[in-house]
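**Q** Please see the structure below; I have some questions.
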Amino acid sequence: MSKEKNVVTLTYGCQMSERDAETLTEITRQEGYNRTNDLENADLIIVNTCCVRESAENKILGKIGDLKKLKDNNPNLKIAISGCMVQQPGALERLQKRAPHVDIWMGTHNLHEFSELLHRSDTGAKVAEIWQEPHETKESTPLAEKGKLQANVNIMYGCDNFCSYCIVPHVRGRERSRKPDDIVQEIKNLVANGCKEVTLLGQNVNSYGKDFVPPYDFADLLQEVDQIPDLLRIRFITSHPKDLSDKLIQAIAKGSKLCEHVHLPLQSGSNSILACMNRQYTREYYMSIVEKIRELLPQATLTTDIIVGFPGETEEDFEQTLAMINSVHYSQAFTFMYSKRSGTPAASMEDQIPLQVKKQRLQKLMSLQNEESYQLRQRMIGKCYEVLVEGPSKNNPNRLTGRTRGNILVVFDGPQEIIGSLVSLRILEAGSWTLVGELVESK
Ligand code: SAM
Ligand code: SF4
């Protein structure tokens, strides 16, 4: 009997990158590989990369370098590198020189070719295949993993926005929407395999369907997904503020499964920096959307992404970002120091901000947001929230965890049988990130 083959998939970056990693793992499952986390005994290691910031790239390069030892010990081990880092213009040659122990290189547009590339490498040949553009909107590989409670579902690929700091449109191509029927069918299949919650993914979900003739609205897609029996919850990311419509806010208010959580990246609170970023909205416009959300969805939580130290950012610009944190009351903010990305307009802008200043601003922003998050969670104490029970807590497997509709993590005591169901929890304690609750009732 031939030995079982093991695959380890390491993935970095956003949910879209995670979804790509799942596709690659599913392709290897169809090729007879078992998924493990055991690098020492792997026959195939896939590293699915991200290049949004330099820090992510450095970490990944370090990891790829570390894999050389494993390859030296086991020459039959195959190493495959995929994703955004490989797709960057001119990156392949540089990466191949730096990591000659890698067997397979592939970009973001040809993931579905992975099994063919795997076979081509059987002879020991080094394989590299990167498409400059997607040849067509390839359907996501359906996932067959059973009993997975939550799943990410791509509804579109690429981005047309070209924010001046961002590499994504350069490595993911132009926006392409998947057909509503294909998306609904994928979700029905996931639900048949036990999935209870889906997160619909796009770099700017609010422009979903604008590439169809006639155009199709994201809010209509949400209403269709809301009809799928046995699905309990629907989430979506990311909403670009410039395209968030009243119709979408109304759809969230109407849909029973649609969670009242909007991830609305601000990036900066200063109008002049927003203009240099090519974000196409002002702080006033952003605030007008926040007010509409607060009016129609009073329970909604808001989360955001913020960049500090964009070229030319003055102390006053930065103060305006802090002021937005004070006015919006985000439940969480993902905060980043601006990172120069070669080939983007911001990389050649004058007045790049020194690292020390960026670090100080990041610290200040994070401590303000931590206080906001803490206060917001404190206000939840004593109230009851609907939670989807996800499974044992990572820190204490004797307890359970789940998330509120607003995507806030709660830890609590309860029986294993309620995993996968909606329960009502009363909040007892709150820190900056996690809540502790007690079971009130199971639905
Ligand atoms: N499409 C999403 C949007 O428009 O908000 C974001 C996708 S990007 C993968 C996630 C976040 O990374 C962005 O919202 C931004 O805050 C951050 N980011 C992107 N490029 C960056 C850069 N060059 N330096 C620092 N942060 C960056
Ligand atoms: Fe990048 Fe802007 Fe597109 Fe988001 S919307 S992926 S930040 S270019």
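**Q** Roll a 1.4 Å probe over the protein heavy atoms and report the accessible area of Lys3 in Å², nearest 10.
**A** Its heavy atoms expose roughly 140 Å² to the probe.
**Q** With just the Cα atoms defining each centre, how far is region 377-443 from region 332-373? Give it in Å.
**A** So the separation of the two Cα centres works out to 33 Å.
**Q** I'd like the projected area of region 55-103, averaged over all directions, using the convex hull of its alpha carbons. Report it in nm² with one decimal.
**A** The Cα convex hull of region 55-103, projected and averaged over all directions, gives 3.3 nm².
**Q** Could you tell me the accessible area of Arg403 in Å² (1.4 Å probe, neighbours in place), rounded to the nearest ten?
**A** Here the residue's solvent-accessible area equals roughly 70 Å².
**Q** Give, as ranges by residue number, the residues of region 148-186 whose backbone N falls under 19 Å from the point 7 Å along Cα→Cβ of Ala347.
**A** Flagged as within label range: 159-174.
**Q** May I pose another question? Calculate, in nm to one decimal, what Thr123 and Ser245 gain on full extension: separation in residues at 0.36 nm each, minus their alpha carbon distance.
**A** 38.6 nm
**Q** Given a Förster distance of 22 Å, report the FRET efficiency between Val440 and Lys188 from their Cβ-Cβ distance, rounded to the nearest 0.05.
**A** It comes to 0.10.
**Q** Then there is this: Count the net charge of all other residues whose Cβ sits under 14 Å from the Cβ of Leu118, scoring Lys and Arg as +1 and Asp and Glu as -1.
**A** Neighbourhood net charge equals -3.
**Q** Another question, then. What whole-number volume per residue, in cubic angstrom, does the convex hull of the C-alpha atoms of region 1-44 give?
**A** Dividing the Cα hull volume of region 1-44 by its residues yields 59 Å³.
**Q** Dipole magnitude of the chain about its Cα centre, charges +1 at Lys/Arg Cβ and -1 at Asp/Glu Cβ only, in debye to the nearest 20?
**A** The calculation lands at about 640 debye.
**Q** What FRET efficiency do you get for Lys210 and Leu428 if R0 is 35 Å and r is their Cβ-Cβ distance, rounded to the nearest 0.05?
**A** Working from the Cβ atoms, E equals 0.15.
**Q** Let me ask another. Test of understanding: what is the full-extension gain from Lys179 to Asp305, defined as 0.36 nm times their sequence separation minus their Cα-Cα distance?
**A** Taking 0.36 nm per residue and subtracting the Cα distance, the gain is 42.5 nm.
**Q** With a probe of 1.4 Å, find how much accessible area the chain has per residue, and write the answer as a whole number in Å².
**A** 45
**Q** Further, regarding this structure: Direction-averaged shadow area of the convex hull around the Cα atoms of the chain, nm²?
**A** It is 22.3 nm².
**Q** At a probe radius of 1.4 Å, what is the per-residue accessible area of His135, in Å² to the nearest 10?
**A** 130
**Q** Calculate the FRET efficiency for His329 and Gln30 from the Cβ-Cβ distance with a Förster distance of 45 Å, rounded to the nearest 0.05.
**A** It comes to 0.45.
**Q** While we're looking at this one, here's another question. Could you please report the charge total around Pro169, scoring K, R as +1 and D, E as -1 over all other residues with beta-carbon less than 14 angstrom from its beta-carbon?
**A** +2
**Q** Could I ask something else about it? By how many nm would the segment from Lys59 to Lys359 grow when fully extended, if each residue of separation counts as 0.36 nm and the alpha-carbon distance is taken off?
**A** Taking 0.36 nm per residue and subtracting the Cα distance, the gain is 106.1 nm.
**Q** Restricting things to Cα coordinates, could you compute the convex hull volume per residue of region 108-223 in Å³?
**A** 136
**Q** Run the dipole for region 13-152 about the Cα centre, Lys and Arg Cβ at +1, Asp and Glu Cβ at -1, nothing else charged, and hand back the magnitude in debye, nearest 20.
**A** 440
**Q** How large, in percent, is the carbon and sulfur part of the accessible surface of the chain at a probe radius of 1.4 Å?
**A** Here carbon and sulfur together make up 50 percent of the probe-accessible area.
**Q** Which whole-angstrom value gives the distance between the alpha carbon centres of region 66-140 and region 8-35?
**A** One Cα centre to the other: 14 Å.
The values are calculated or read from the model by the stated rules, or taken from the named source; none is laboratory data. Quick caveat, the model's predicted, so the values are computed rather than measured. For neighbour counting, all protein chains shown are included, and Cβ atoms are generated from backbone atoms with ideal geometry for every residue, glycine included. For the accessible areas, the whole protein counts, side chains as well, though only heavy atoms, and no ligand, DNA or RNA atoms are used. Shrake-Rupley method; radii C 1.70, N 1.55, O 1.52, S 1.80 Å.
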